[in-house]
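Q: The structure follows.
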Amino acid sequence: MKKLSILLVLFVIWSANSQELEKYKKLYPNAVFVRLQQEIVINIKLNDGKFDIRKDIFEEDLYLNESANYNSKRSLSYSSFFDLDKIEASSLSYTGKKYEENKVVDFNEKNDLNDSFYDDSKEVSFIYPKLKKGSKTNLRLSYNIKNPRFLSAFFFGDFYPVINNKVTIIADKNIEFKFKEFNTDSTQIEFKKKKKGKNFIYTWTTKNNKEYDIEGNAPNYKTILPHIIPMITSYKDKKEDKKLLDGVGGLYKWYYSLVENINKETDDVELIALVEELTKGKTSDLEKVKAIYYWTQQNIKYIAFEYALGGFIPREANDVFKKKYGDCKDNSSILYKMLEIAGLKGNLTWIGTRSIPYTYEEVPTPAVDNHMILSYEENGKTYYLDATGRYIQINYPSSFIQGKEALVSYGSDFKIKKVPVISANLNTIVDSTFIKISNRDIIGRSSTKLTGYIKNNMFYNLENFRKNSDIKELYNKRFSKGNNKFLIKSFEEINKYSYEDDFIVNYDFSIQGYAQNIGSEIFINPHLNKSLSSLKTKKDRKHGIEFDYKKQYSYTNVIEIPEGYKVEYIPESTTFTDDLISVKFSYKVDGNNIISQQEVILNFILLSVEQQKTVNTIIEKAEKAYKEIIILKKK
C-alpha cells in the first residue's frame, strides 16, 4: 500500500506537469517558453528626508520545446543607480518522479559599454544548467535604487507570453506619485490602492498576456509594449513639502545643478593655441564653429564609460583635451570650452535618441533622454553639434536624434526645441552610368555621388578597409548593378572623408550575360538598380517600421545603340507618387543613345502599418516597371 501511495503521488505530479506543459504548448504554439509568474515589489521608505528604495523581482519560466537549451544563457544589466544586491537563479528539470533543482553557482560580471549616457552600466551573465523541454527556471533579484529619480518602467507584456504579472509599490504615505501609462489601451490592467499603517500600497495585476511579435526594424519596444512609468513628484519631510520631479522645470533644475560648475579652471594654454590656429583666417563665426566642431569629431575618441553621477557630469575640458577621449558629455564639454575661447557661445543640450519615445512633458525624468550634445545658434537657426560621430556636417544633426525634443540650457533657464528631420534631397545617391553592349555582356562606366547620411555611412564602412582589393569588394556590393555577375574592374575616389564636399566614386565595370540576343534582336532591361524591392514589407506585419533617414535616389543609364541596330521598342515614361514615396521612370532616344532614368524619393523615417500598405502598393507598381525591356533590332 505504501509503494502504491508513492506511485500514485508521483503519477499525480507527473500528470500535473504534463498537463501544464501541454496546456501552454497548445495556447502558445510558437513560444519557446512562457513566463508563469512575474512579480515586482518596490519598497520606498523615507528616513529623515532620505529615500531608501528596494526593488525585488521574481520570475518563473516554463520551457515548451526542445530548443530550451539554446536559451540557457541569461544576462542582466545594472549600474550604480540600480545596485544589484542579490541574485539567485536555478533551473528545475523534471526527472519523471520530481523536479530536480539545479542552482546556478557561476555569475560572470563585466562592464557594459553600449550606452552613451548612463555609462557605468555593468552586466552579469550566467547559464541555467540542464534546461530541456518541460524545465522551469526561477530567478530572484534584489536591487537598491540609489536615486528616487530613477524608478524604472514596469511592463505588462513582452515578446513571450506572461501568465501572471503583478507589480506592487509599498510607499511612505508622505510620498506623492504620478503614473504615466503607455500602450495600455488594449491591456486589461487591474489597479488597486489601499492604505496600510504608514504606507500606501499600489498594485497592478494582469493575466494571460500573449506574446508580442518580434519584427525586424520595428521601432523601439517602448513604443509597442504596454508599460507604466512611476514618478515621485514630491514628498513631505518634517512637515515641509519638497518637490522632486515636478515637471520639466524640476528636471532641468537638477540637470543644471550637475553642470553649472564645470570648466571653471584656467584654460590650458595648448588648448587656447589650438583654437587660435583652427580659427585663424576664418572670416565668419560659423566658419570658426565648423573648424572647431570638425576637429573635435576627428581628434576626440568616443569612449562611453563613467560612474554614478559622473554619467551626468561632463569632465573638465582641459582633461578631455589632454586625454583625447571622452563620452558624449565630455565631447560637449570641450566643444563648449573651445567655442568660448573663440568668443562664441554654445549651449549644453540634453536629448533622447529615437529609441526613447517620450516627450519631456510626458516623462520629466532622466528616462526621457540618454545623450548630450552642444547647440549653437546663429541668425535664428540652431545647429545640433554631436562630436561623438565623425564626418557629420554642421547642418546635419546625428541621424538618431532627428525629430526628437532637445532640452537646451541657457544658464538658469532652458528651452525645449525640436530637432529637424533632414529632407530626402539632402541624403542622395546620384548615379550616372554609360553602357556598351558587347554580345551578351555589357561594359559600363559609372560615376556615383553620395551626400548626407548616405555619404557618412559609406565613410564609416571605408574606415574598416585598408587594402585596395577590400575597398573594391565593398564597392562591388554597394554599387551592384544588374545581376550577381556585376564586377568592378577599376575605381577612383574623389573627396574621400570630406565633411563638406560630395563623395564621388568613378568606376569601370562589366556584367556578363546581361543582354539577350535572339535572332536579329537584342533585349536589355534598362533598370540596373532595383533597390525599391528591398523596402517592401510583409502584408501581415503588425508593427511600424523605422528607417535611419529620408533619402533620394537618381539613376541615369545611357545605353549606346550598337552599330547596325535601331530602336524597336522603349517603355513609356510613368510616375507613381504619394506624400510618402515618389517613383518616376523616363525613357528617351537621344541620337545614338537611349537614356533611361529612375528618380526615387523616400519621404519617411517611420512607417505605420497603414502607411506600409500605401508604400507597398507603389513599390509593386514600380516592380512591374522594372520588368520592362528595351528591344533593339538589326537594320
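Q: Do we find a residue being free of Cβ contacts under 8 Å to residues at least 12 places away in the same chain, surrounded by fewer than 18 Cβ atoms within 10 Å (Cβ to Cβ), in a loop (DSSP other than H, G, I, E, B) and of a type in the set (Lys, Arg) anywhere in the range 271-291?
A: yes
Q: PHE177 fails exactly one of the following numbered conditions: (1) within 30 Å of TYR94 (Cβ to Cβ); (2) of a type outside the set (A, V, I, L, M); (3) assigned to a strand (DSSP E or B). What is the number of that condition?
A: Only one criterion is unmet by PHE177, namely (1).
Q: Another question about this same structure. Out of the range 116-174, which residues are touching a His at 6+ places or on another chain (Cβ under 8 Å), open to solvent by 10 Å² or more (accessible area, probe 1.4 Å) and more than 30 Å from ASN47 (Cα to Cα)?
A: SER116 - this is the single residue of the range 116-174 that is touching a His at 6+ places or on another chain (Cβ under 8 Å), open to solvent by 10 Å² or more (accessible area, probe 1.4 Å) and more than 30 Å from ASN47 (Cα to Cα).
Q: Here is a further query. If I go through the range 338-375 residue by residue, how many of them are open to solvent by less than 10 Å² (accessible area, probe 1.4 Å) and more than 30 Å from LEU151 (Cβ to Cβ)?
A: Residues in the range 338-375 being open to solvent by less than 10 Å² (accessible area, probe 1.4 Å) and more than 30 Å from LEU151 (Cβ to Cβ): 3 in total.
Q: Count, please, the residues in the range 503-520 that happen to be aliphatic (A, V, I, L, M), surrounded by 20 or more Cβ atoms within 10 Å (Cβ to Cβ) and free of Cβ contacts under 8 Å to residues at least 60 places away in the same chain.
A: Summing the residues that are aliphatic (A, V, I, L, M), surrounded by 20 or more Cβ atoms within 10 Å (Cβ to Cβ) and free of Cβ contacts under 8 Å to residues at least 60 places away in the same chain in the range 503-520 gives 1.
Q: Mind checking which strands (runs of 3 or more DSSP E) fall wholly inside the range 541-635 and carry at least 2 residues that are among the polar types (S, T, N, Q)? Full working, then the answer.
A: Numbers: elements: 551-560, 565-569, 574-577, 581-590, 593-602, 630-634.
Passing ranges, in order: 551-560, 574-577, 581-590, 593-602.
Q: Restricting attention to the range 64-94, report how many residues are over 27 Å from the mean Cα position of the chain (by Cα), within 14 Å of VAL104 (Cα to Cα), open to solvent by 40 Å² or more (accessible area, probe 1.4 Å) and of a type in the set (S, T, N, Q).
A: Selection size over the range 64-94: 0.
Q: Another question about this same structure. For the range 579-598, what are the residues that are open to solvent by less than 60 Å² (accessible area, probe 1.4 Å) and not hydroxyl-bearing (Ser, Thr, Tyr)? Give the derivation first.
A: As a first pass, look at the range 579-598 and keep what is open to solvent by less than 60 Å² (accessible area, probe 1.4 Å): 580-583, 585-587, 593-596, 598.
Once the filter is applied, which keeps residues that are open to solvent by less than 60 Å² (accessible area, probe 1.4 Å) and not hydroxyl-bearing (Ser, Thr, Tyr), the range 579-598 yields LEU580, ILE581, VAL583, PHE585, ASN593, ILE594, ILE595, GLN598.
Q: Within the group ASP106, ASP56, ASP61, which residue is within 23 Å of ALA153 (Cα to Cα), among the acidic types (Asp, Glu) and either assigned to a helix (DSSP H, G or I) or open to solvent by 30 Å² or more (accessible area, probe 1.4 Å) (or both)?
A: Every option except ASP56 fails the conditions.
Q: Touching a Pro at 6+ places or on another chain (Cβ under 9 Å) and modelled with pLDDT of 95 or more: does that describe LYS415?
A: Against the criterion (touching a Pro at 6+ places or on another chain (Cβ under 9 Å) and modelled with pLDDT of 95 or more), LYS415 does not qualify.
Q: Another one. Of all the residues that make up the range 532-551, how many are more than 21 Å from the chain's Cα centre (by Cα) and open to solvent by less than 50 Å² (accessible area, probe 1.4 Å)?
A: Count: 2.
The values are calculated or read from the model by the stated rules, or taken from the named source; none is laboratory data. Remember, predicted model here, so these are calculated numbers, not experimental data. Cβ: placed from backbone, ideal geometry, glycine included. Neighbour counts: every protein chain shown. The protein model used for the area step is the full one, side chains on, heavy atoms only, and it has no ligands, DNA or RNA in it. Shrake-Rupley method; radii C 1.70, N 1.55, O 1.52, S 1.80 Å.
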